[in-house]
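Following: one structure in structure tokens, then a few remarks.
All of the numbers you see were taken from the coordinates with simple rules; none came from a lab. Bear in mind the structure is a predicted one, so any value in this text is a computation, not a measurement. Cβ placement follows ideal geometry from the backbone for every residue including glycine, while neighbour counts extend to all protein chains displayed.
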Amino acid sequence: MRKPDRATGKVFERQRGQAAVEFALVLPVLMLITVAICQVALAFNCYIVVTAASRDGARRAAETNDGEAARKAALSSTGGLPGSGPEVDVTFPEGRNKGCPVTITVVYHMPILLPGLDRLVPEPSFKRSSTMALECGAK
């Protein structure tokens, strides 16, 4: 078995240094991609939560004919969202009689995770509405 000579050892040292420089150049790009993936995952989660909240609010309004109870039900369904809470709007477009529709609209403005990106890209917002028929008459 031969012993490595000094010239070969220096080549390995230069290659290690080159690998460190390449890693330092690639690391910020990898971090940016990781944060972007997290932002997309958060956006998808927010979309699902806002959709479920509008459905929960509409269900509560249809059962109770109470706009404030529907608003509270929608807000309680969005408890895990980051940032400020969503806006919830409850409308009874044709009155509060049995069989009339009730519409719940939930609007949520999602925060951006990447610092500085909020100056370049507007804050994404999700608006979802659900409509159900009232199951009971006016209170």
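For the range 98-111, just list the computed ³J(HN,Hα) in residue order, Karplus coefficients 6.51, -1.76 and 1.60, θ = phi - 60°, integers in Hz, with x standing in for Gly and Pro.
4, x, 6, x, 10, 10, 10, 10, 10, 10, 10, 9, 7, x
When the dipole is taken about the Cα centre of the range 51-90, and only Lys, Arg (+1) and Asp, Glu (-1) are charged at their Cβ, what size is it in debye, to the nearest 20?
Working: 5 positive and 6 negative charges, 25 e Å.
For this selection, approximately 120 debye.
Taking springs between alpha-carbon atoms closer than 10 angstrom, which of Ala24, Ala53, Ala41 fluctuates most in the Gaussian network model of the chain?
Among Ala24, Ala53, Ala41, the largest mean-square fluctuation in the Gaussian network model of the chain belongs to Ala24.
Report Rg (one decimal) and Dmax (nearest whole number) for the range 6-133, counting Cα atoms only, units Å.
In order Rg, Dmax, the Cα atoms of the range 6-133 give 24.6, 92 Å.
Per-residue HN-Hα couplings for the range 85-94, Karplus 6.51 cos²θ - 1.76 cosθ + 1.60 at θ = phi - 60°, whole Hz, x for Gly and Pro?
Computed from phi, the couplings for the range 85-94 are x, x, 9, 10, 10, 10, 10, 10, x, 10 Hz.
Under a Cβ-only charge scheme (Lys and Arg +1, Asp and Glu -1), can you give me the dipole magnitude of the chain about the Cα centre, in debye to the nearest 20? Show your work: numbers first, answer last.
On the way: 17 positive and 13 negative charges, 151 e Å.
With Lys and Arg at +1 and Asp and Glu at -1, about 720 debye.
With a bin width of 5 angstrom, please list the P(r) values of the range 75-114 as percents of all Cα-Cα pairs, from the 0 bin to the one holding the largest distance.
6, 20, 22, 15, 13, 11, 8, 3, 2, 1
Amide H of Leu134 versus every other amide H placed in the peptide plane: which residues, excluding those fewer than 5 positions away on the same chain, fall under 5 Å?
Amide H neighbours of Leu134, under 5 Å, 5+ apart: Gly99, Cys100, Val102.
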